[in-house]
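Working notes, structure below.
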Amino acid sequence: MPVALAMPKLGMTMREGRVVSWPRPVGAPVEKGEVVLVIESEKAEVEIEAPASGVLRHVYVPEGETVPSGTLLAAITATVEEPFDVRAFREQHDRPEGAPAVARPLLVSPARRGTTAPITPAARALARELHVDPARIPGTGPGGRVTREDVEAWAARRQALVPVAEGVALEVPTEGAGDPVMLLPGFGTDVSMFARQIPELAARWRVRGVNPRGVGLSDAPDADAYDVGTAAADVAALLDTPAHVIGASLGAAVALELALALARPALVRSLTLITPFVEAGARLLAVIDAWWRVASEASPEAVARLVLPWMFSADYLADEGRRERTVRGLAATAARVPASTLVRTAAGMRSWSGSRRADLAHVPVPTLVIVAGGDLLTPDGKAVADPGARCRTIPGAAHAVTLEAPAAVADAIRAHLEADS
């Protein structure tokens, strides 16, 4: 019987993958366990092994295309002479998750320029029926048009959202089992920023990533600002047992607020603060302002290229292949964070900045601070470690240290959590 090779789902944040290369040509013999495919997902390349020995009989998705997890990529048959129906096999085994991925160059999003996103009449009618805002739905039709299938997929994924306040529910992907670990992403990002750490942590703990208000599928209530205190309250609403809380950059501010200000500090078992700040510096604020302005006028790729040199070290950026792969990953993330969310989040960050410096001595739980030696945006992260927190410096890495030095970050977090388990 022919064996299917599909786009895998490698972790809770993966929704789609890009076919980078097919090392073996169609018709070539393959051995079980041999690398037959290289994909790009979560800002990294991954080698995929053959699930069975035989012949690479047919490839459904060529190099360079991006497709959802579950999409049929290829078929392996025992021999080249074995009867094989290309179309029937696809109908039987093609099971893409959600809406089809966009397999085209990144375009300027009309919705980001303040105009109406292109949408088919049928999709508009369904969005109205399901009470879904079509402006927040990524379109997969020609020219980025939102289709009826896009609306259906968006509404289906929203059924898994978790309520945190009246009229507000958040996207909280979960993986693993054991004591809870909460992941809080930074400004303009989602939980995919922890994609390289999640498998390590999920092997022992129950990992829950929190996409804050306005990010991804999470609700985006109308407000002048998404303040840090409200974000902390949203996380608290998700907790019913003590959790290890891990925050990066602005997510670290939310984690601090969660431990210091809320009425249920006992729900925080430990803190890990990655590239944190207690007062936003002039450079950080300037980058944030440029971020939301570019997002309101240009494409997700433009946003990615803007923030790239501020987030990664020169050594990291010197590798052209890795740099372009990272741009694609950041652009995919930027597409999930609209400019309106960036504006509200920036306002909340400004109001919080500097408000907790005097309270660092009163953090009530074991705390690890991870700083990046080449961080341009939060260079004073070590100050957050005073007076009693553990501090780990990762030399050479820049602000996006979870992506630039994933293994070092995962090792530091795991050691901290194990010490406090």
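The protection proxy used here, the mean number of other Cβ atoms lying within 10 Å of each residue, ranks peptides 393-402, 324-333 as follows, highest first: 393-402, 324-333. Among the DSSP beta bridges whose two residues both lie in the chain, what percent are antiparallel, rounded to the nearest 5? Beta bridges within the chain, antiparallel portion: roughly 55 percent. Working note: Karplus 6.51/-1.76/1.60 with θ = phi - 60° gives the range 395-407 the couplings x, x, 6, 10, 4, 7, 5, 5, 9, 7, 10, x, 5 Hz, where Gly and Pro are set to x. Using R0 = 56 Å, the C-beta based FRET efficiency linking ALA237 and ARG90 works out to 0.80. With each label modelled as a point 7 angstrom along the Cα→C-beta vector, the SER351-ALA261 pair spans 0.9 nm. Protection proxy ranking of 87-94, 141-148, by the mean of other Cβ atoms within 10 Å over each peptide's residues and highest first, is 141-148, 87-94.
Can you compute the helix-only [θ] at 222 nm over the chain? Use -39500 (n - 2.57) per DSSP H run of at least 4 residues, normalise by all residues, nearest 500 deg cm²/dmol. Mind showing how you got there, number by number?
Values: 13 runs with 136 residues, N = 421.
Mean residue ellipticity, 222 nm, calculated: -9500 deg cm²/dmol.
Helix 228-238 and the longest principal axis of the C-alpha atoms of the chain enclose an angle of approximately 60°.
Nearest 10 degrees, 0 to 90: what angle lies between the long axis of helix 300-311 and the longest principal axis of the chain (Cα atoms)? Taking the Cα atoms of the chain, the angle to 300-311 is about 50 degrees. Looking at the chain, the accessible area is 43 square angstrom per residue; that uses a 1.4 Å probe and ignores ligands, DNA and RNA. Rounded to the nearest 10 degrees, the inclination of helix 250-261 to the longest alpha-carbon principal axis of the chain is 50 degrees.
Computed from the alpha carbon atoms alone, the convex hull of the chain holds 141 Å³ per residue.
What do you reckon, how do TRP352, TRP310 stack up by accessible area (1.4 Å probe), largest on top?
TRP310, TRP352
The portion of the accessible surface of the chain made up by carbon and sulfur, rounded to a whole percent, is 53 (1.4 Å probe; DNA, RNA and ligands excluded). The Cα center of the range 182-211 and the Cα center of the range 303-349 differ in position by 17 Å.
Annotation: amide H-H contacts under 5 Å for ARG392 (H modelled 1.01 Å from N, sequence separation of 5 or more, or interchain): VAL369, ILE370, VAL371. Of the listed residues SER299, SER355, the order by accessible area with a 1.4 Å probe, largest first, is SER355, SER299.
The values are calculated or read from the model by the stated rules, or taken from the named source; none is laboratory data. Given the structure is predicted, the values throughout are model-derived calculations rather than measurements. With ideal geometry, Cβ positions are generated from the backbone for all residues, glycine too; neighbour counts draw on all protein chains shown. What goes into the accessible areas is simple: the full protein's heavy atoms, side chains included, and nothing from ligands, DNA or RNA. Shrake-Rupley method; radii C 1.70, N 1.55, O 1.52, S 1.80 Å.
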